[in-house]
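Please read the structure below before turning to the comments.
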Amino acid sequence: MYKHHSHIILSLLLIAGLGFSSYAQKPRGKEKRIAKKVEDHIEYLASDELAGRGTGSEGEQLSAKYIAAEFEKIGLSPKGEDGYFQHLDITTLRIAQDQSSLMVSKQVYTLFKEFYPLSISADNGDYKGLAINVKSGIKDDHLKYNDYENVNVAGKAVMISMETPEMNNPHSKFAAYAGIAERVKIAIDMGAKAVIFYSSNADLFPSGDLKKTDNIVGIPVYFVKKDLSELKSPEVDLTVQIMALSAQASNVLGYVDNGAEYTVVVGAHHDHLGYGENGGSLAPESGQIHNGADDNASGVAAVIELARIVKSKSKWFGNNNYLFIAFTGEELGLVGSKYFVSNPTIPLEKINYMINMDMVGKLDSTEKVLLINGVGTSPAWQGALDKASHKKKKIADVRTTESGLGASDHTSFYLSDIPAVHFFTGQHSHYHKPSDDPEIVNYGGEAFVIVYICKWMEIMDDQGKVEFTKTKDESPGRMSFKVTLGIMPDYIFDGEGLRVDGVKADNPGEAAGLKKGDIIISMNGKPILDIHDYMEHLAACEPGQEVPITVKRGEEIIDLTVKF
Ligand SMILES: [Zn+2]
């Protein structure tokens with residue numbers, strides 16, 4: 001009986017515990033009402049019915065419809081091209097067709113077996129005529145290096161070896177040219193009509209994956225598994241035909257028109273990973289629904305509840321108009337927000353600033369630390385930071401980073417010279433896994449975060465047009481990584497070093513003995529003070545290299561060796 005009794009008590013405790021974890025922090029009054037609304041939104045958006053809201057999927061379209069209906073209920077006016085919607089076509093699949101052909105110097109090559117199109121290639125195109133061999137195809141005035149010297153390739157095809165000068169030197173000044181994209185760009189600038197990369201060294205064979213979101217160029221780009229360096233200017237005849245399937249995806253836009261000159265954008269992405277089939281998943285083999293409760297049903301819920309407040313309290317928010325946007329395609333590379341800034345439904349120069357919420361549902365109920373990225377993008381943010389109060393028992397600490405560049409939609413606005421910040425409650429072990437479910441969300445904590453963001457917006461509302469400042473960023477594309485440690489950095493940690501928030505299975509970090517909680521303090525003999533040092537030194541590491549790292553584990557200092 002007792003046992004049975006104990007079972008009941010145990011399960012009651014568990015349910016209470018669970019109840020307690022979803023409401024890890026107990027909101028009252030207004031915040032309690034907000035938390036309940038947030039819960040309703042997340043329960044629906046992260047339900048199995050929406051199947052992980054993969055971009056262009058039925059679940060994503062259901063999500064878009066739900067958000068538009070909420071915007072309508074609140075009384076926002078439609079600000080898309082199709083009512084509340086801004087539709088965009090997303091390529092969902094690209095497959096090279098048998099009609100794709102290649103002949104070089106009268107030799108016909110076999111598709112896939114001997115040659116294949118590269119992801120950057122145009123989907124359709126052909127070329128017949130001379131191809132000029134330009135060795136590594138590098139032209140860099142800064143480095144005083146030019147493989148196009150004394151050759152005119154305008155209107156012709158070019159042949160480029162995968163090999164680059166000083167290839168075995170990790171610190172080579174040519175490192176930026178190791179990839180494909182830079183050299184294709186140069187060839188196009190030189191007037192080339194097609195590009196044929198070649199190599200017989202299997203270590204240098206580029207991926208044949210035809211990515212759906214690559215910025216494809218306007219000309220055919222092929223790779224041949226053969227050393228063609230002997231051929232100086234052969235006759236070539238090629239056709240590329242890639243079938244690209246696309247589906248419709250949607251940004252959702254609702255507007256509060258206060259008749260003001262400038263508009264504030266408040267946004268969050270509503271797409272997620274579906275079944276993990278489109279990349280980005282940390283459990284791709286699971287084939288399960290990635291419900292994306294924290295990433296980013298939580299952000300969408302925050303957009304809807306902030307819209308409700310702004311609409312109802314126009315006297316606090318009367319100096320700007322407000323545009324609430326749920327972006328699609330974020331997980332595919334900020335596709336929806338990039339699309340919006342290149343197809344804005346209000347003039348870009350009339351956007352005052354942008355607030356992005358991506359993962360605001362996991363405020364740690366012990367540490368209660370909120371992170372705000374991008375505060376260097378306007379001097380005005382400091383004012384909001386100083387004035388916006390927060391009760392310690394709700395949000396214990398607010399930490400900030402400067403850079404406008406980050407892994408979410410605020411970056412698209414920053415790159416359009418619009419001040420933009422990203423509110424974030426931090427990484428966690430459910431990130432990009434099927435277990436990112438409604439049960440893990442701290443609804444009370446999210447309500448506190450929403451009220452805090454609301455204060456920011458109130459303070460910012462009477463600042464007029466705020467100034468934009470460029471931040472010290474790692475220039476995009478300069479930091480390319482050839483290896484990974486397979487860890488998740490702790491973005492919240494503000495001590496010296498890089499704190500490890502998660503260690504991915506079957507990766508060099510795990511093999512080296514790294515553990516969650518370790519603080520990396522040196523790498524390859526160089527001190528690691530923060531995530532930037534870590535990224536800089538990781539970018540210099542090469543496949544196969546053995547690198548000593550030192551970590552702090554509790555009070556212990558441990559030396560480990562990573563084999564990349
Ligand atoms: Zn996200």
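The values are calculated or read from the model by the stated rules, or taken from the named source; none is laboratory data. Everything numeric in this text was worked out from a predicted model, so none of it was measured. Note that we place each Cβ from the backbone using ideal geometry, even for glycine, and neighbour counts take in every protein chain shown. Just so you know, the surface numbers come from the protein's heavy atoms only, side chains and all, with ligands and any DNA or RNA stripped out. Shrake-Rupley method; radii C 1.70, N 1.55, O 1.52, S 1.80 Å.
Points to keep in mind about this one:
- Failed condition for residue 74, given (1) closer than 17 Å to residue 268 by Cβ; (2) outside the structural domain of residue 292 (by TED's automatic domain parsing): (2)
- A single entry from 93, 76 fulfils the requirement of being open to solvent by less than 40 Å² (accessible area, probe 1.4 Å) and in contact with a strand residue (DSSP E or B) (Cβ under 7 Å, 6 or more places away or on another chain): 76.
- Per-region count, the stretch 401-445, residues of a type in the set (Asp, Glu) and either closer than 22 Å to residue 461 by Cβ or within 14 Å of the ligand (Cβ to nearest atom) (or both): 3
- Of the residues 6, 63, 21, 11, the single one that is in contact with an Asp or Glu (Cβ under 8 Å, 6 or more places away or on another chain), at pLDDT below 95 and in a helix (DSSP H, G or I) is 21.
- All told, residue 133 falls short of being free of Cβ contacts under 8 Å to residues at least 60 places away in the same chain and more than 32 Å from the chain's Cα centre (by Cα).
Residues checked against (1) modelled with pLDDT under 80; (2) part of a strand (DSSP E or B); (3) assigned by TED's automatic domain parsing to the domain that holds residue 427:
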{"position": "466", "(1), (2), (3)": "no, no, yes"}
{"position": "515", "(1), (2), (3)": "no, no, no"}
{"position": "534", "(1), (2), (3)": "no, no, no"}
{"position": "543", "(1), (2), (3)": "yes, no, no"}
{"position": "557", "(1), (2), (3)": "no, yes, no"}
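- Residue within the stretch 185-200 that is under 25 Å from residue 109 (Cβ atoms) and touching an Asp or Glu at 6+ places or on another chain (Cβ under 6 Å) present: yes
- Candidate set: the stretch 321-380, residues that are open to solvent by 10 Å² or more (accessible area, probe 1.4 Å) and of a type in the set (Ser, Thr, Tyr); chosen: the one nearest to residue 73 (Cα to Cα): 345
- In the stretch 26-44, the count of residues that are in a helix (DSSP H, G or I), modelled with pLDDT under 95, assigned by TED's automatic domain parsing to the domain that holds residue 298 and surrounded by fewer than 11 Cβ atoms within 10 Å (Cβ to Cβ) is one or more.
- Residue in the stretch 193-216 that is in a helix (DSSP H, G or I), crowded, with 16+ Cβ neighbours inside 10 Å and away from the ligand (no atom under 16 Å from the Cβ) present: yes
- Which listed residue, of 303, 310, is of a type in the set (A, V, I, L, M, F, W, C), crowded, with 24+ Cβ neighbours inside 10 Å and within 20 Å of the chain's Cα centre (by Cα): 303
- Filter result (within 14 Å of the ligand (Cβ to nearest atom), in a strand (DSSP E or B) and aliphatic (A, V, I, L, M)) within the stretch 261-274: 268
- Within the set 184, 158, the sole residue that is outside any loop (DSSP other than H, G, I, E, B), modelled with pLDDT of 90 or more and within 27 Å of residue 330 (Cα to Cα) turns out to be 184.
- Residue match in the stretch 503-510 (condition: surrounded by 15 or more Cβ atoms within 10 Å (Cβ to Cβ), of a type outside the set (Gly, Ala, Ser), assigned to a helix (DSSP H, G or I) and in contact with a Phe, Trp or Tyr (Cβ under 6 Å, 6 or more places away or on another chain)): yes
- For residue 455, the requirement of being over 22 Å from residue 487 (Cα atoms), in the same structural domain as residue 40 (by TED's automatic domain parsing), away from the ligand (no atom under 15 Å from the Cβ) and assigned to a loop (DSSP other than H, G, I, E, B) is not met.
- Conditions (1) in contact with a Pro (Cβ under 9 Å, 6 or more places away or on another chain); (2) surrounded by 20 or more Cβ atoms within 10 Å (Cβ to Cβ): number failed by residue 136: (2)
- Options 258, 251; residue that is in a strand (DSSP E or B) and either modelled with pLDDT of 95 or more or assigned by TED's automatic domain parsing to the domain that holds residue 53 (or both): 251
- In the condition set (1) under 22 Å from the mean Cα position of the chain (by Cα); (2) in a strand (DSSP E or B), residue 548 is compliant with all but (1).
- Filtering the stretch 307-330 to residues that are of a type in the set (Asp, Glu) and modelled with pLDDT of 95 or more leaves nothing.
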